[in-house]
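Take a look at the structure set out below.
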Amino acid sequence: MRIRPVRYDHPDALKLDGIVQQEYAELYGNDGDATPLAPAMFAPPHGLYLLAHDETGRPVGTGGWRAQDDTSEGYEEGDAEIKRMFVVREARGRGLARRILALLEDDARRAGRTRMVLETGARQQEAITLYESSGYVPAPRKFGLYRFEALSRCYTKPLRQPAQAPPPQPPAR
């Protein structure tokens, strides 16, 4: 699998966005995720959007992060919000989502973001399992467009590395 940065409005990214919106509609009986998103939101250094292609060149996964400092929706200064994490059904179970997530976290950390945040739905158990096994914990309070929805699940993960202890010194002679 090849993962590379693209604009959020790349044709293959838009194709996968349409598929994920259909999955959301099936799971939740609505028109999909209504969160307003624009390509500029994912432009470095304030974000990044990744697209994965399989060995044949077919788009199979996406994920992005965007800087999020809007405390009126429950975010905190320094947040990096994960959006459109998605892998097509045929490519699931191969660690692709985990690779995309790790790349997004590394990039957000390099950009100076202090906390990764995301919102998913209670009916997306595969996503919840991925996030929890990657160190995400339920947020103490919800954030984002769906923060008042019963099926919304919000997760956070600190991005700052803990201070390294100095290496032990050899005993004095």
Q.
Using a 7 Å offset from the Cα along the Cα-to-Cβ direction at both ASP31 and ASP106, what is the distance between the two label points in nm, to one decimal?
A. 3.9
Q.
If the reach is capped at under 19 angstrom between alpha carbons, list the aspartates and glutamates near LYS15, excluding any in the same chain fewer than eight residues apart.
A. GLU23, GLU26, ASP31, ASP33, ASP54, GLU55, GLU90
Q: Answer with one residue from LEU27, THR129, ALA38: the one whose Cα lies farthest towards the positive end of the charge dipole of the chain, charges on Cβ with Lys, Arg +1 and Asp, Glu -1.
A: THR129
Q: Work out, step by step, the length gained on full extension between ALA40 and GLU77: first 0.36 nm times the residue separation, then minus their alpha carbon distance; give nm to one decimal.
A: 11.4 nm
Q: Ignoring everything but the protein chains, give the 1.4 Å probe accessible area of ASP107 in square angstrom, nearest 10.
A: 40
Q: May I ask for log10 I(q)/I(0) of the range 1-52 at q = 0.19 Å⁻¹, from a Debye sum over the Cα atoms as equal point scatterers with solvent left out?
A: -0.71
Q) Fully extended, how many nm does the chain gain between ARG147 and ASP9 (0.36 nm per residue separation, minus their Cα-Cα distance)? A) 47.1 nm
Q) Using the Cα gyration tensor of the chain, with a ≥ b ≥ c the square roots of its eigenvalues, what is the shape: rounded (a/c below 1.5), prolate (a/b larger than b/c) or oblate (neither)? A) prolate
Q. In Å², what does the accessible area per residue of the chain work out to with a 1.4 Å probe?
A. 56
Q. How much space per residue, in cubic angstrom, does the convex hull of the C-alpha atoms of the range 47-137 take up?
A. 98
**Q.** Neighbourhood net charge (11 Å Cβ-Cβ; Lys/Arg +1, Asp/Glu -1) for MET1
**A.** +3
Q.
For GLN22, project a label point 7 Å along Cα to C-beta. Then give me every residue of the range 35-56 with its amide nitrogen under 12 Å of that point.
A. none
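The values are calculated or read from the model by the stated rules, or taken from the named source; none is laboratory data. Bear in mind the structure is a predicted one, so any value in this text is a computation, not a measurement. So basically every Cβ, Gly included, is an ideal-geometry build from the backbone, and we count neighbours across all protein chains shown. Ligands, DNA and RNA are excluded from the accessible area calculation, which covers all protein heavy atoms including side chains. Shrake-Rupley method; radii C 1.70, N 1.55, O 1.52, S 1.80 Å.
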